[in-house]
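Q: So that we are looking at the same thing, I have put the structure below in structure tokens.
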Amino acid sequence: MSVSPDFKIVVAGPEHTVYSDQIVEEMAASAKVRGTGIAKRSPDYITQKMLEGKAVIALYADGIWAGFCYIETWSHEQFVANSGLIVSPEFRKSGLAKSIKQKVFELSRTKYPNAKIFGLTTGLAVMKINSDLGYEPVTYSELTNDEEFWKGCRSCINFDILTSKERKNCLCTAMLYDPQEKAIPQTKEETPAENFKKRSKLYERFLNLKKFVFLKKELTSKNE
């Protein structure tokens, strides 16, 4: 689905800080409707992201706020998260979320070209968007071990589940974009050793993911 030309999607700046309260309120309302957890952010936090040039905002033709997403960095900028994706209810199902994710993904690649970009989500639509951008499902062990990142989950309603599982899994699905893997030339003729190494890594990731899915299903059944 194409996005209406009436939408303007740009890197947020000081002139957009007037929307911070509205963005935070909609984040909380959306999470409540879905019945899912969300790491809460304050208007000041959202404002700071805008001032740092680490956020993307979508506005409708008449200046009405339409959508938002921001960047966080972890582990000394080795990892980047595109967080807080939100679209105003009146503009949902318009393809806007995908366009915002594309814009913030491009911003992340520009600002942090060597960083791994990851996300945690319970939304199938976001998973599909991430997959189209080149993300792959991974286990939590492949994400940042930065304590500050995991502290952000404390305000999530599922935090007790996360801690009880020693941060190995939760109700969110982890997805990762690794620029080093994407940079491997597709036309290069691999030696048997290189082929084995790559296939071994993929197989190991598959086994880890399979274990993660099994644990997640087990966890979900216990909570039903």
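The values are calculated or read from the model by the stated rules, or taken from the named source; none is laboratory data. Keep in mind that what you see is a predicted model, and the values were worked out from it rather than measured. With ideal geometry, Cβ positions are generated from the backbone for all residues, glycine too; neighbour counts draw on all protein chains shown. Ligands, DNA and RNA are stripped out before the accessible areas are found, and what is left, the full protein with its side chains, is counted by its heavy atoms. Shrake-Rupley method; radii C 1.70, N 1.55, O 1.52, S 1.80 Å.
Q: Which one is modelled with the lowest pLDDT, of the residues in the range 165-183 that are open to solvent by less than 80 Å² (accessible area, probe 1.4 Å) and over 16 Å from T121 (Cβ atoms)? Please lay out each step first, then the result.
A: Here is the first cut: in the range 165-183, the ones open to solvent by less than 80 Å² (accessible area, probe 1.4 Å) are 165, 167, 169-179, 181, 183.
This time we only want the ones that are over 16 Å from T121 (Cβ atoms), so: 165, 167, 178-179, 181, 183.
Working: K165: 91, R167: 90, D178: 96, P179: 94, E181: 87, A183: 75.
That would be A183.
Q: Kindly indicate whether L209 is at pLDDT 55 or above, surrounded by 14 or more Cβ atoms within 10 Å (Cβ to Cβ) and part of a loop (DSSP other than H, G, I, E, B). Spell out the reasoning first.
A: Details: at pLDDT 55 or above: yes; surrounded by 14 or more Cβ atoms within 10 Å (Cβ to Cβ): yes; part of a loop (DSSP other than H, G, I, E, B): no.
Spelling it out, it is not the case that L209 is at pLDDT 55 or above, surrounded by 14 or more Cβ atoms within 10 Å (Cβ to Cβ) and part of a loop (DSSP other than H, G, I, E, B).
Q: Kindly provide the set of residues from the range 64-90 that are at negative phi, outside any loop (DSSP other than H, G, I, E, B), open to solvent by 20 Å² or more (accessible area, probe 1.4 Å) and not polar (S, T, N, Q), ordered by number.
A: Across the range 64-90, the qualifying residues are W74, F79, L85, P89, E90.
Q: Can you find, within the range 129-142, the residue that is least open to solvent (accessible area, probe 1.4 Å) among those that are in a helix (DSSP H, G or I), of a type outside the set (S, T, N, Q) and farther than 16 Å from G95 by Cβ?
A: Our first condition is that a residue be in a helix (DSSP H, G or I); within the range 129-142, this holds for 129-133, 140-142.
Now drop any that are not of a type outside the set (S, T, N, Q), which leaves 129, 132-133, 140, 142.
Next cut, farther than 16 Å from G95 by Cβ only: 140, 142.
Working: Y140: 10, E142: 49 Å².
Among those that are in a helix (DSSP H, G or I), of a type outside the set (S, T, N, Q) and farther than 16 Å from G95 by Cβ, it is Y140.
Q: Within 22 Å of F7 (Cβ to Cβ) and at pLDDT 95 or above: does that describe E106? Let's see the steps before the verdict.
A: Values: within 22 Å of F7 (Cβ to Cβ): yes; at pLDDT 95 or above: yes.
Considered against the rule, which asks whether it is within 22 Å of F7 (Cβ to Cβ) and at pLDDT 95 or above, E106 comes out as yes.
Q: For the range 91-128, what are the residues that are buried (at least 22 other Cβ atoms within 10 Å of the Cβ) and β-branched (V, I, T)?
A: Selection gives I100, V104, I117.
Q: Could you list, in sequence order, the residues of the range 80-109 that are β-branched (V, I, T), free of Cβ contacts under 8 Å to residues at least 40 places away in the same chain and farther than 15 Å from L133 by Cα?
A: Start the filter on the range 80-109 by keeping residues that are β-branched (V, I, T), which leaves 80, 86-87, 100, 104.
Checking the rest, the ones that are also free of Cβ contacts under 8 Å to residues at least 40 places away in the same chain come to 80, 87.
Scanning the range 80-109 gives a single hit, V87.
Q: Among the residues of the range 109-122, is any over 16 Å from S83 (Cα atoms), modelled with pLDDT of 95 or more and not in a loop (DSSP other than H, G, I, E, B)? First the steps, then the outcome.
A: Looking only at the range 109-122, we keep the residues that are over 16 Å from S83 (Cα atoms), and these are 110, 113-114.
If we keep only those that are modelled with pLDDT of 95 or more as well, we get 110, 113-114.
Next, only the ones that are not in a loop (DSSP other than H, G, I, E, B) stay: 110.
Scanning the range 109-122 turns up at least one residue that is over 16 Å from S83 (Cα atoms), modelled with pLDDT of 95 or more and not in a loop (DSSP other than H, G, I, E, B).
Q: Right, here's the next one. When you scan the range 82-96, how many residues do you find that are of a type outside the set (S, T, N, Q) and within 17 Å of M175 (Cα to Cα)? Quick ask: steps written out before the conclusion?
A: Pass one, the range 82-96, residues of a type outside the set (S, T, N, Q): 84-87, 89-93, 95-96.
Narrowing further to those that are within 17 Å of M175 (Cα to Cα): 84-85.
Of the residues in the range 82-96, 2 are of a type outside the set (S, T, N, Q) and within 17 Å of M175 (Cα to Cα).
Q: Scan the range 15-59 residue by residue and report those that are of a type outside the set (A, V, I, L, M), at pLDDT below 95 and open to solvent by less than 20 Å² (accessible area, probe 1.4 Å).
A: Scanning the range 15-59 gives S30, G37.
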